[in-house]
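Everything below concerns the one structure shown next.
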Amino acid sequence: MNDHDLLERLAADAPAPRPEYATQVLARARRARHNRRLAGMGAVAGTLAAVAVGVAVVVPTADSGPPPLPPPGATTPTATPEPTKNTEPTKNTMSIDGTHSATAVMYALVIKNVASYRNSDALRLPLYLLDRTCAKAPVAVQVERQCSGPTLPKAVRTDIVDLLGGSGVVFVTDPTSVMDHNRTVIDGVIVAIGPARVEGENAYGRMTVYRGLLGAEGWSYWLRRDSENWTVVNVGSNWIS
Amino acid sequence: MSEDDRDHEFHRFVSERSGPLLRLAYLLSADRAAAEDVLQTALVRAYLRWGRISSNPEAYVRRVVVTVAADERRRPYRRREVSAAQDIDHADPADPFGAVEVSQRLRDALRSLPPGQRAAVVLRHWVGLEPAEAAELMGCSAENVRSQTARGLDKLRAAYAAATGESVDSGR
């Protein structure tokens, strides 16, 4: 074996692109071009919305993107394969569909699982996601102490909102902006995402669901991926306060 | 060239070349999820300039992949946090005492390389670039590429030898 063979052996571990990969990348690229044109025209790509007390940043949803275009070479518009969208993913699995970043799919699956374990109606309430990951394991009860970590890239945030269905999912920079004077989260829950540690096919991490005076819960997760999906191996509650 | 023609050309390019490019992204990032994100970002960037990429789009995309992979490594959120889940059992429940496979050891060795060494090894010995070409992509000197390549290869060879008991020929 020589050096090239050694690297070939390593490269064999790389994921293989799915057959529809080119179509999905093209759809995403068109969306990027559309957004860039909007920005060029002076339109605001994201919408700023006042959320209760303070200001929260609303990440643009998939609805703000361009209408689906036919793939090159398609004879009729009706033949357009829509980008795979996780509108109704199963509880424990979420597809890595190529139109969203794999990192966003991983976080979205965890958030969806935690929210559904916490309360089956939780996803119908506004879900305030901190746009910063936690600097360390999110165990502090005071949620504002948890938002000192690195900020998730905008593309990942946009994908997470898209994957979770858009409406009712809001990224906030300052968690106190969605609390009332009693530090109760106004009509929703705050989710602080712990940084995921990815080792090969496994990803581990923690997150906190925070409801102000109504309490907080710490969760840990363990996901595993194959070429197509992230799957939950275990999501469990560690502590409740 | 109309937008539809450009889209068609881009689609064909991605269909034909995404396999090797994904392998390049994987070798540079040593992480499957990160590799997919890196390639997707690189392809979207390339698409936005597709009309101005004249002769060799693969070389252009490869250059963007190298840049994006380096950028991703510098992002704070990509830095590995060791505090988050140290107490979680990482063992595979189906085979908790299983032997560490050769490929796993090689993967670990690749992941343990500093990004510069990894990029130098991959560009020189997998892509097949000359030191000067790799240096241009990496934004450093050819001498630097040579030394980073040598150090990175030493570590990979050592990992392979430790896992299999066989040595690696240093020739290409």
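The values are calculated or read from the model by the stated rules, or taken from the named source; none is laboratory data. Only a predicted model underlies this, so the values are computations on that prediction, with no experimental measurement involved. Please note: Cβ atoms are built from the backbone with ideal geometry, for glycine as well, and neighbour counts cover all protein chains shown.
Odds and ends about this structure:
The rows are residues; the columns are (1) at pLDDT 75 or above; (2) away from every other protein chain (no Cβ under 12 Å).
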{"residue": "A:SER95", "(1), (2)": "yes, yes"}
{"residue": "A:TYR128", "(1), (2)": "yes, yes"}
{"residue": "A:CYS134", "(1), (2)": "no, no"}
{"residue": "A:PRO138", "(1), (2)": "no, no"}
{"residue": "A:GLN142", "(1), (2)": "no, yes"}
{"residue": "A:GLY149", "(1), (2)": "no, no"}
{"residue": "A:VAL161", "(1), (2)": "yes, yes"}
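- With respect to (1) modelled with pLDDT of 85 or more; (2) buried (at least 16 other Cβ atoms within 10 Å of the Cβ); (3) within 12 Å of chain A (Cβ to nearest Cβ); (4) over 30 Å from A:ARG206 (Cα atoms), the lone exception for B:ASP154 is condition (2).
- Residues located in the range B:102-124, provided they are hydrophobic (A, V, I, L, M, F, W, C) and under 13 Å from the mean Cα position of the chain (by Cα): B:LEU110, B:LEU113, B:ALA119, B:ALA120, B:VAL121, B:VAL122, B:LEU123
- Yes/no for B:LEU22 being modelled with pLDDT of 80 or more, more than 9 Å from chain A (Cβ to nearest Cβ), part of a helix (DSSP H, G or I) and closer than 20 Å to B:LEU113 by Cβ: no
- Checked against the criteria, A:ARG197 counts as crowded, with 18+ Cβ neighbours inside 10 Å, at the interface with chain B (Cβ under 10 Å from one of its Cβ atoms) and at pLDDT below 80.
- Sole exception among (1) surrounded by fewer than 23 Cβ atoms within 10 Å (Cβ to Cβ); (2) aliphatic (A, V, I, L, M); (3) within 8 Å of chain A (Cβ to nearest Cβ) for B:ILE53, by number: (3)
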